[in-house]
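Notes follow the structure.
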Amino acid sequence: MFDLGHARSFVAVAEEMHFGRAAAKLNLTQSPLSRQIQMLEQTLGVTLLDRTTRAVRLTPAGRTFLAEAYRVLAAAESAARITRRAARGESGVIRLSFTAASAYRTLPHVVAHVRARLPEVDLVLAEMVSDEQILALEENRTDLAILRPAPILQDPKSSIATAPLVSERLLLAVPRGHRLATGRVPTLQDLDGEAFVTWSPKGGRYFIDLLDTLFETGGVTPRIVQRVNQVHAMLALVGAGIGIALVPASTRGNSMADIRLRPIALPATAQPELLLAWRRDNANPCLVSVRTMALEISTES
């Protein structure tokens, strides 16, 4: 079977129709070039060039082989280029998991940023609660995760590394006819005794701990009437008049006619965070590139 060097030599001769000029183009002397063409013809078992003392012409077989040589060389160059880009983390596949609440604002920003800067990287997206994402990272079923803080992630021996992505305010979600839907900016004390929709332990341990600390510090005891796993379910229940809720500000992208999202006076510490997480030993060449692109939104937000 011929090699790529022989194909390049033949293409140079076919384009120049002159061994001397083709040899100069390839930085060779004429004799080695002639031997390469002869070896190529012997390998293929056909005559590719008609040679005279005055001219070089392609045979019918030579014209056919020239088209194939162009195709083979282009494919080889493409393969080399794709391989180099993959090794640099500029192409490939990243499995990206995310929480439901991040899908309103943070996830679209991350995806748009990565696609603009790394168009040859495919993002495979999967929605999961944070605990599921941690397990998926530990089992190497996801490369990168947008999730909420968890105690296990603070363990220095953990196989998972994290970096802050964004933090946001909490907003008060109330039905449109509720007493807190209009007027002055509500305070934490206004929530005392109110029917309250909040997270279930399965999907929202981070928010449960955050709100419990907030209510205990403020001396406030809302009346929990319903627990759900996802923020869109929480907003639906608020819209149905079941109760009120504190939700991340990013949920403003989920407009519902029956609810109002209002600013509320809260301590500065009451700002839920989103982290970017990955396995420390993940060898996916794309990971560093995509992680860097994703973290850039934290400086742009």
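Numbers for the structure displayed
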read-out: Length-normalised contact order of the range 170-263 in % [C-alpha pairs under 8 Å, at least 6 apart]; value: 48
read-out: Cα-derived Rg over Rh, computed across the chain with Rh taken as Kirkwood radius; value: 1.33
read-out: Stretchable slack from R51 to R184, in nm (0.36 nm times residue separation minus alpha-carbon distance); value: 38.4 nm
read-out: Ranked packing of 72-79, 165-172, 256-263, most packed first, by mean Cβ within 10 Å; value: 165-172, 256-263, 72-79
read-out: Extension gain from A161 to S200, taking 0.36 nm per residue of separation minus the Cα-Cα distance; value: 11.4 nm
read-out: Phi to ³J(HN,Hα) by Karplus 6.51 cos²θ - 1.76 cosθ + 1.60 over the range 122-128, Hz, x for Gly, Pro; value: 8, 9, 9, 9, 8, 7, 8
read-out: Rg(Cα)/(2.2 N^0.38 Å) for the range 51-147, N = residue count; value: 1.89
read-out: Stokes-Einstein D in µm²/s, Kirkwood radius over Cα pairs - the range 194-233 at 25 °C with 0.890 mPa s viscosity; value: 236
read-out: The range 4-87 - Rg over Rh from alpha carbon coordinates, Kirkwood radius; value: 1.03
read-out: Estimated inter-spin distance, E68 and N27, nm [label 7 Å along Cα→Cβ]; value: 3.0
read-out: Debye, to nearest 20: dipole size of the range 4-87, +1 on Lys, Arg Cβ, -1 on Asp, Glu Cβ; value: 220
read-out: For the range 170-263, the spread of Cα positions along each principal axis, largest first, Å; value: 29, 27, 22
read-out: 5 angstrom amide H check on S200, placed H, neighbours 5+ away; value: V228, N229
read-out: Separation in nanometres of the label points that stand 7 Å from Cα toward Cβ, at E138 and I242; value: 3.0
read-out: Relative contact order for the chain, counting Cα pairs under 8 Å that sit 6 or more residues apart, in percent; value: 22
read-out: Amide H contacts of V93 (H built 1.01 Å from N, under 5 Å, at least 5 apart or other chain); value: D122
read-out: Fully extended contour minus Cα-Cα distance, from E16 to A112, at 0.36 nm per residue; value: 29.8 nm
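Quick note: the coordinates plus some simple rules give every number you see, no bench work behind them. Given the structure is predicted, the values throughout are model-derived calculations rather than measurements. Cβ sites come from the backbone with ideal geometry, for glycine too, and all protein chains shown count toward neighbours.
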